[in-house]
1. Return the ratio Rg/(2.2 N^0.38 Å) for segment 157-313, where Rg is computed over Cα atoms only.
2. How many angstrom lie between the Cα centre of segment 115-143 and the Cα centre of segment 216-250?
3. Just to confirm the number: angle between the C-alpha axis of helix 47-59 and the first principal axis of the chain, 0 to 90 degrees, nearest 10?
4. Rg to Rh ratio, the chain, alpha-carbon atoms and Kirkwood radius?
5. Please work out the Kirkwood hydrodynamic radius for segment 24-77, using every pair of different C-alpha atoms, and report it in angstroms with one decimal place.
6. If you line up the Cα atoms of segment 69-228 on their principal axes, what length do they span on each, largest first, in Å?
7. Once the Cα atoms of helix 219-230 and of the chain are each reduced to a long axis, what angle between those two axes, in degrees from 0 to 90 to the nearest 10, is obtained?
8. Please list, by residue number, every one of the GluC sites (Glu not before Pro) in segment 50-118 that is coil in DSSP and has at most 14 other beta-carbon atoms within 10 Å.
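FYI, it's all coordinate maths here, none of it is from the lab. Since this is a predicted model, take the numbers as computed values, not measurements. Note: ideal-geometry Cβ built from the backbone for every residue, glycine included; neighbour counts use all protein chains shown.
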Amino acid sequence: MTSDTAGLTGFSGTMIRPEDPEYHAARRLWNGAIDRYPAFIARCLTAEDVALAVRFGVRHDLTIAVRGGGHSFPGLSMCEGGLVIDLSGMRSIEIDAEARRAEVGAGVLWRELDAAAEAYGLAVPGGEVSHTGVAGLTLGGGVGWLSRRYGLTCDNLVAAQLVTADGEILEVTEDGAPELLWGLRGGGGNFGVVTRFTLRLNPIPVPMYAGTVLYPLSAAPLSVFFDIARDAPDELGLNAALITAPPAPFVPPAFHGAPVIALAACYLGDLAAGEAMVRPLRGVGAPIVDAFGPMPYTALQAMVDDSATPGLPAYARSEWLGPLDDSAATALVEAAGRMTSPMSQVLVRITGGAIARVPAEDTAFRFRDAAAILTIAARWPDPADAGAAHHDWTRTTWESLRPWSAGGGYINHLCDEGPGRVREAYGEPAWQRLVALKRKFDPDNVFHLNQNIPPER
Ligand SMILES: Cc1cc2nc3c(=O)[nH]c(=O)nc-3n(C[C@H](O)[C@H](O)[C@H](O)COP(=O)(O)OP(=O)(O)OC[C@H]3O[C@@H](n4cnc5c(N)ncnc54)[C@H](O)[C@@H]3O)c2cc1C
């Protein structure tokens with residue numbers, strides 16, 4: 001070990017330096033616009049490694065970034081200079097089907113956890129792109145296909161192992177540290193590095209009735225979608241995507257490159273009931289593609305992976321939305337019509353159901369009563385393009401949809417919107433509790449490369 005890594009005796013992972021062959025692969029994130037050069041990437045294998053790395057970073061006054069699955073839109077899991085605590089080597093998954101619990105390492109990706117749990121007919125509600133990390137998504141909330149039935153991912157966080165800013169390893173449980181556990185349910189990476197997640201597993205049908213139907217871009221299908229969403233049972237997961245039809249074999253060539261709307265659903269019940277439930281979505285005029293049927297949850301989770309491959313530049317905005325009506329459908333369609341890149345997307349995931357039934361004070365997450373989460377995600381093909389036009393489209397689209405806002409954005413999707421938007425995303429009662437926790441567990445704001453909750457009030 002070189003003298004500049006002194007103090008890491010006992011470190012069982014790999015310390016990656018700029019001269020090492022794996023350095024450039026290790027510094028890349030999902031968002032290809034992020035091009036940073038850390039001085040150290042500590043690829044950890046154990047909680048003890050993480051504790052050594054945290055102490056090392058603090059001792060040398062290094063900026064510390066924490067990397068789980070590497071899908072932070074603004075690239076908060078990579079730093080310029082400084083130290084990256086890279087958890088991608090911590091990939092263990094233990095399923096206890098009887099107790100309905102999963103012990104999950106901090107570097108696990110959703111596709112790994114989904115596959116391990118589905119083998120028992122179980123799942124943790126996660127996101128909807130299979131290469132996203134469990135860690136960041138869980139700590140910021142986590143919304144996906146199963147959330148209307150089983151809540152947010154953070155609602156299913158039962159316990160955690162956490163390395164604090166002074167390098168202590170804590171077991172965070174409901175009995176032992178209820179306030180800290182509360183903060184980990186939505187408060188992001190502000191209180192330390194989570195090295196292991198204990199997550200509740202929930203029963204799912206295998207296979208389940210799910211899929212998507214594509215229409216030419218217009219407000220009519222979206223209005224029908226909103227009507228269905230208004231009275232949908234918790235078992236029905238619903239997502240609308242305003243996209244450009246890819247040149248894929250399942251899309252008729254006449255529609256390659258055309259603006260389209262994809263209405264997607266899954267039903268957590270028997271297949272016949274699922275078929276009946278999604279039928280109205282499939283009959284709004286003539287679909288371009290109709291791809292519903294029985295499928296494993298893991299297939300549903302990978303359904304849009306190809307539209308979110310890692311490495312391209314990206315920029316996002318989000319907003320939790322209130323009740324949606326025909327005028328919202330028109331505004332969304334107009335915004336999608338102005339898209340500046342065929343890789344960009346406007347997504348509306350219907351929320352409510354179990355999410356809304358968790359008492360507000362139980363977690364740090366704010367928007368229990370929202371009807372949907374809007375995500376405006378711009379992506380473009382050329383990494384040399386700084387993306388001004390795409391940023392501009394994202395912002396103007398977001399502004400045009402603010403009339404339907406439920407009051408703020410989603411912590412896991414915030415980019416460069418400033419500290420006011422972070423505070424707004426929590427709301428004042430949760431913010432005061434989070435600041436108190438931050439003062440207790442990270443008074444020097446060692447963990448500040450995140451949607452930051454500063455220790456000052
Ligand atoms: C393609 C794509 C699809 C997405 N889909 C969804 C979706 O369906 N639903 C949804 O809710 N969100 C979704 N997101 C947003 C996602 O929740 C966030 O980007 C999340 O931060 C990703 O987690 P990660 O571990 O991959 O990210 P990373 O970039 O590794 O981490 C993000 C941040 O989380 C913190 N962090 C990560 N690991 C730890 C840890 N172990 N301990 C403490 N802090 C940690 C750090 O602050 C870090 O900067 C999506 C994002 C992308 C890019």
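1. Compactness ratio reported: 1.36.
2. 22 Å
3. Tilt of helix 47-59: around 70 degrees.
4. 0.96
5. This gives a value of 12.0 Å.
6. 56, 43, 28 Å, listed from the longest principal axis down.
7. 70 degrees
8. Counting only loop positions with at most 14 other Cβ atoms within 10 Å, the GluC sites (Glu not before Pro) in segment 50-118 are Glu80, Glu98.
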